[in-house]
Amino acid sequence: MSESSPSAPSRGTALRRFAVTAVVAAAMLVLTGCSQAVPIESAPLASDPDCAAVVVRLPDALAKDTEAEQQQRETNAQGTGAWGEPASVVLRCGAEAPGPTTDRCVSVNGVDWVIDESEAPNYLFTTYGRTPAVEVLVDNDVVSGTTVISELSSAVSVIPADGGCTTIDESFGETSG
């Protein structure tokens, strides 16, 4: 990942909007008392065929066979997925690909993810080097973000990589002295 001007204000705004959507969805479910579709705003590029390929590969459960197991839920928007009652993991395919950032970037099972930790314990993981991008909002108090992205990487990997995380040394090349 290159160290360049971060797009923090727009990413922070996007995270807050995404988090508000998830909180509103959770509140609606608590008030209605039944398992309805999780309302999620679809991402701008949700109609991209690669998003359909991701969605059909999403797992039925995350953190399966553990105390933190989260069952998949129905959603009301194209290119989305949700798990947990109330939803503790929300996925949106079709997000704009992030540009260079100083946020932490990790590679998990062949997929690179930028992690926005500004709203902890809610973490926003966004694929890096794939277009369209996939965003995954995780309530880390309910289920481990590391577990979630590990289990979602297989589905997300159907979107071809056209870049990935790099370090400053990789970006500028190491020079010998």
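The values are calculated or read from the model by the stated rules, or taken from the named source; none is laboratory data. Predicted, not measured: the structure shown is a model, and the values here were computed from it. Reconstructed Cβ throughout: ideal geometry from the backbone, glycine too, with neighbour counts over all protein chains shown. What goes into the accessible areas is simple: the full protein's heavy atoms, side chains included, and nothing from ligands, DNA or RNA. Shrake-Rupley method; radii C 1.70, N 1.55, O 1.52, S 1.80 Å.
Data table
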| read-out | value |
| --- | --- |
| All positions within the range 136-150 that are over 12 Å from the mean Cα position of the chain (by Cα) and open to solvent by 10 Å² or more (accessible area, probe 1.4 Å) | N140, D141, V142, S144, T147 |
| Residues located in the range 116-130, provided they are open to solvent by 20 Å² or more (accessible area, probe 1.4 Å), of a type in the set (G, A, S) and outside any strand (DSSP E or B) | A120 |
| Index of the failed condition, A97 passing every other in (1) open to solvent by less than 30 Å² (accessible area, probe 1.4 Å); (2) among the small types (G, A, S); (3) within 18 Å of Y128 (Cα to Cα); (4) within 13 Å of the chain's Cα centre (by Cα) | (1) |
| Selection count, the range 33-51, where residues are small (G, A, S), open to solvent by less than 60 Å² (accessible area, probe 1.4 Å) and under 23 Å from P132 (Cα atoms) | 3 |
| Any hit, the range 31-53, residues being at pLDDT below 95, more than 27 Å from G163 (Cα to Cα), touching a Leu at 6+ places or on another chain (Cβ under 9 Å) and not in a helix (DSSP H, G or I) | yes |
| Residue list for the range 151-177, filter: at pLDDT 95 or above and open to solvent by 10 Å² or more (accessible area, probe 1.4 Å) | E151, S154, S157, V158, P160, A161 |
| Any hit, the range 133-146, residues being more than 17 Å from G79 (Cα to Cα), at pLDDT 95 or above, in a helix (DSSP H, G or I) and of a type outside the set (D, E, K, R) | yes |
| Verdict on A133 being crowded, with 18+ Cβ neighbours inside 10 Å, within 21 Å of A46 (Cα to Cα) and small (G, A, S) | yes |
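Residue-by-condition table, conditions (1) closer than 19 Å to S42 by Cα; (2) surrounded by 17 or more Cβ atoms within 10 Å (Cβ to Cβ):
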{"residue": "A63", "(1), (2)": "no, yes"}
{"residue": "A68", "(1), (2)": "no, no"}
{"residue": "E74", "(1), (2)": "yes, no"}
{"residue": "V89", "(1), (2)": "yes, yes"}
{"residue": "R92", "(1), (2)": "yes, yes"}
{"residue": "V114", "(1), (2)": "no, yes"}
